[in-house]
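> Right, I'll just put the structure down here and ask away after.
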Amino acid sequence: MNQTADVLIVGGGVIGLSLAWELAGRGTNVRLLEQGQFGREASWAGAGILPPGNLDAAVAPEDRLRAFSHQLWPQWSQSLREETGIDNGYVACGGIGVGHIPGISENPRDVAGEIAFWQSERVPVETLSPDDLRRLEPAVSSEVRAAYRLPRLAQVRNPRHLKALLAGCERRGVDLRCGERVCDLTVANGRIAGVETAAQRYAARSVCVCGGPWSGELLRRCGVAVEIVPVRGQIALLALKAPVFRHVVECGPRYLVPRPDGRVLIGSTQEHAGFDKRNTAGAIEELLRFGTRVVPALADATLERTWAGLRPGTPSGVPYLGAVPGVQGLFVAAGHFRAGLQMSPGTAVFMADTILGRQPAISLDGFGVNASHFGD
Ligand SMILES: Cc1cc2nc3c(=O)[nH]c(=O)nc-3n(C[C@H](O)[C@H](O)[C@H](O)COP(=O)(O)OP(=O)(O)OC[C@H]3O[C@@H](n4cnc5c(N)ncnc54)[C@H](O)[C@@H]3O)c2cc1C
């Protein structure tokens, strides 16, 4: 038996690594077990779009978590850079929401409704006429009409961010173990005692399951029925010699993310294909058609690579965050669906407070696991 950890985290994606870094920064003795490699699942595959928010006006718990995270991103990026020397590429590049493009976007788009939503949160949003859009981003097609700009939308290079988190965890003394799949949770007298892998048992005072779409399977083993399913998202990465636009361009679930080095991510699909992470010809063809219609210059770009990741989807679209009732010392932070990168700093701070028994900096009523999630 290994030394007992104060907190054992299951899963080394962006949620588990952020929580480990935050807890270790508060002097907690943390162990993190990852079944594969650290940060190689959805957290690596994601596009890194970080929408803005405003904690003074956000009401719904998911909006509050987005707003809280939005506040934390600049300071987290700076602290990670100072601590590890790794720049995660965080930049407030701004975003443009565009209207329906016939034959490309799936449904007529309610751009006015989206603008009204951002205004209700008192997040800076600018309505763009076709001329404004042309001046701002001349590379965007004149087919694109209704549009607005979110100047505070940011992006991060997730592979770099994960590398920085991993290095930060190492520096803060987290016991990091990859290639260790947790196959069971050990519960004694209604209290968590640790976890089991194929090779050994690990004792812990608290355990937090941050296993993305695999979390449900693990929690079911102690009778907790949280529903988290994998939702595949495919991405195509193109490369231009130099950037031709600088804002993230979003059209419903589809988007273009321009990197400062001339690369452009085109995403993404939402597919229920189990744990299958392969690309399909049809989806990639559709993404490329979308990308080249919105920014015609992309027709000359090189197709560098394609990939897919598995978002952790929940029936309500919001994550499960908090203590698991009935098993003292067991916590869950999983099911962030399309927003896990963006919500990761806020999730880590909220969960660290919750696990350590402190009053969380923000209230997030509505995210918890409740009695209805218990099986018979
Ligand atoms: C194509 C795509 C684009 C996206 N774009 C964005 C975006 O622009 N902005 C945004 O905010 N979000 C985005 N997302 C969503 C975001 O990537 C996810 O919400 C987020 O990565 C979830 O993080 P996680 O740590 O919960 O899950 P994961 O990254 O899946 O990490 C969970 C980890 O737990 C490990 N694990 C699971 N079970 C066990 C076990 N039993 N024992 C040990 N280890 C275990 C897994 O191996 C995995 O490494 C995107 C996702 C995809 C797929």
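> Looking only at segment 222-232, decide whether some residue is closer than 20 Å to residue 309 by Cα, more than 10 Å from the ligand (Cβ to nearest atom) and crowded, with 16+ Cβ neighbours inside 10 Å.
yes
> Right, next: Scan the helices (runs of 4 or more DSSP H) fully inside segment 53-143 and keep the ones with 2 or more residues being among the polar types (S, T, N, Q).
61-84, 111-120
> Of everything in segment 310-325, what is surrounded by fewer than 22 Cβ atoms within 10 Å (Cβ to Cβ), assigned to a loop (DSSP other than H, G, I, E, B) and touching a helix residue (DSSP H, G or I) at 6+ places or on another chain (Cβ under 8 Å)? Give them in sequence order.
314, 317, 318, 325
> Taking segment 183-205 as the search range and keeping residues that are within 30 Å of residue 83 (Cα to Cα) and of a type in the set (A, V, I, L, M, F, W, C), which one is surrounded by the most Cβ atoms within 10 Å (Cβ to Cβ)?
Going through the qualifying residues, I end up with 204.
> Check 54, 88 and return the single one that is within 16 Å of the ligand (Cβ to nearest atom) and either over 30 Å from residue 12 (Cβ atoms) or out of contact with any strand residue (DSSP E or B) (no Cβ under 9 Å at 6 or more places or on another chain) (or both).
The unique qualifying residue is 88.
> Sticking with this structure for a sec: Do the conditions hold for residue 19, that is, is it modelled with pLDDT of 95 or more, part of a helix (DSSP H, G or I), more than 8 Å from the ligand (Cβ to nearest atom) and under 16 Å from residue 73 (Cα atoms)?
yes
> Any chance you could count how many residues in segment 271-309 are in a helix (DSSP H, G or I) and buried (at least 17 other Cβ atoms within 10 Å of the Cβ)?
Summing the residues that are in a helix (DSSP H, G or I) and buried (at least 17 other Cβ atoms within 10 Å of the Cβ) in segment 271-309 gives 11.
> Pull up segment 119-140, narrow it to residues that are surrounded by 13 or more Cβ atoms within 10 Å (Cβ to Cβ) and small (Gly, Ala, Ser), then point me to the one that is farthest from residue 255 (Cα to Cα).
Restricting to residues being surrounded by 13 or more Cβ atoms within 10 Å (Cβ to Cβ) and small (Gly, Ala, Ser), the top hit is 120.
The values are calculated or read from the model by the stated rules, or taken from the named source; none is laboratory data. Note that the structure is a prediction, hence the values are computed from the model and not measured. Glycine also receives a Cβ, built like all others from the backbone with ideal geometry; neighbour counts cover every protein chain displayed.
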